[in-house]
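See structure below.
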Amino acid sequence: MAESLTTEVLRDAIRRLAAQAESCADELSALDGTLGDGDLGVTLVRGLRSVADEADGLPPDLGAALLQCAKALVSLSGSTYGTLLATGVMSAARAAKGRTEVSWRESADLLAGAMEAMQRRGKAELGDKTVLDAIAATAEALRRADAANAMLPAAQQAVREAIAEFRDRPARQGRARMFGENSIGKDDPGMVAWLRLLEGLS
């Protein structure tokens with residue numbers, strides 16, 4: 001495992017994420033179809049393809065590289081999910097501006113900052129059964145991990161537990177909230193998408 005996040009590591013992660021989006025697109029769109037408009041899988045594929053197209057040209061400055069990724073997401077994805085992800089990446093870009101590497105220990109703070117930016121943009125709260133709850137679980141797991149190579153497995157497990165925890169709660173944001181009590185017993189598509197992306201990094 002690389003000792004820190006660099007642009008080279010970011011390039012590899014982008015390619016992994018784009019491939020993972022392709023492999024789980026049908027699953028995510030089907031899941032989204034039960035609580036939304038059924039385009040989540042397509043949104044992720046298009047957005048991450050756009051980011052992957054930028055990978056070779058990303059600069060050594062991590063902040064600038066992340067900003068370029070965010071712009072690629074914004075340019076192609078008109079969905080709420082894509083916009084929120086781009087907002088989070090922009091937040092991380094600001095935090096990493098002027099740096100060529102970020103330690104894995106700092107990743108929890110970057111993610112927490114991204115989550116707060118997404119929260120402000122989407123007007124959602126933790127507990128609303130959205131991707132924010134999955135991101136919060138990820139950040140907490142990253143902080144608790146006792147070694148860098150334990151961080152990703154811990155984050156994946158934390159998100160699985162969060163999905164299970166929220167399964168029997170009603171959705172309170174986005175299109176899913178219109179389903180009211182019928183959203184109880186169903187997994188939030190955005191949370192599952194976040195888990196699949198984390199799994200793609202393994």
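The values are calculated or read from the model by the stated rules, or taken from the named source; none is laboratory data. Because the structure is predicted, anything quoted here is derived from the model rather than measured. Here the Cβ is made from the backbone with ideal geometry for all residues, glycine too, and neighbour counts use every protein chain on show.
Quick one: residue 8 ticks every box in (1) free of Cβ contacts under 8 Å to residues at least 60 places away in the same chain; (2) farther than 21 Å from residue 202 by Cβ bar one, so which box is it? With (1) free of Cβ contacts under 8 Å to residues at least 60 places away in the same chain; (2) farther than 21 Å from residue 202 by Cβ applied to residue 8, the lone miss is (2). In the stretch 100-143, the qualifying residues are those that are farther than 19 Å from residue 7 by Cβ and among the polar types (S, T, N, Q), and the one that is surrounded by the fewest Cβ atoms within 10 Å (Cβ to Cβ) is 119. In the stretch 153-174, the qualifying residues are those that are out of contact with any helix residue (DSSP H, G or I) (no Cβ under 6 Å at 6 or more places or on another chain) and assigned to a loop (DSSP other than H, G, I, E, B), and the one that is surrounded by the most Cβ atoms within 10 Å (Cβ to Cβ) is 174.
Restricting attention to the stretch 91-99, does a residue exist that is within 30 Å of residue 187 (Cα to Cα), surrounded by fewer than 17 Cβ atoms within 10 Å (Cβ to Cβ) and in contact (Cβ under 8 Å) with a residue 24 or more places away in the chain? So far as the stretch 91-99 goes, no, none of its residues is within 30 Å of residue 187 (Cα to Cα), surrounded by fewer than 17 Cβ atoms within 10 Å (Cβ to Cβ) and in contact (Cβ under 8 Å) with a residue 24 or more places away in the chain.
Scanning the stretch 121-152 for residues that are basic (Lys, Arg) and part of a helix (DSSP H, G or I), we see that the one that is farthest from residue 85 (Cα to Cα) is 144.
Of all the residues in the stretch 1-25, those that are over 15 Å from residue 152 (Cα atoms) and of a type in the set (Gly, Ala, Ser) number 5. Among residues of the stretch 42-61 that are farther than 13 Å from residue 22 by Cα, those with a beta-carbon under 6 Å from a residue that is of a type in the set (A, V, I, L, M) and modelled with pLDDT of 95 or more at least six positions away or on a different chain give the pairs 51/14; 55/14; 58/65; 59/65.
There is at least one residue in the stretch 62-82 that is under 18 Å from residue 159 (Cβ atoms) and touching a helix residue (DSSP H, G or I) at 6+ places or on another chain (Cβ under 9 Å). Checked against (1) within 22 Å of residue 163 (Cα to Cα); (2) under 16 Å from the mean Cα position of the chain (by Cα), residue 90 passes all but condition (1). Taken over the stretch 11-38, the residue count meeting the criterion of being touching a residue at least 12 places away in the same chain (Cβ under 8 Å), within 15 Å of residue 80 (Cα to Cα) and surrounded by fewer than 19 Cβ atoms within 10 Å (Cβ to Cβ) is 1.
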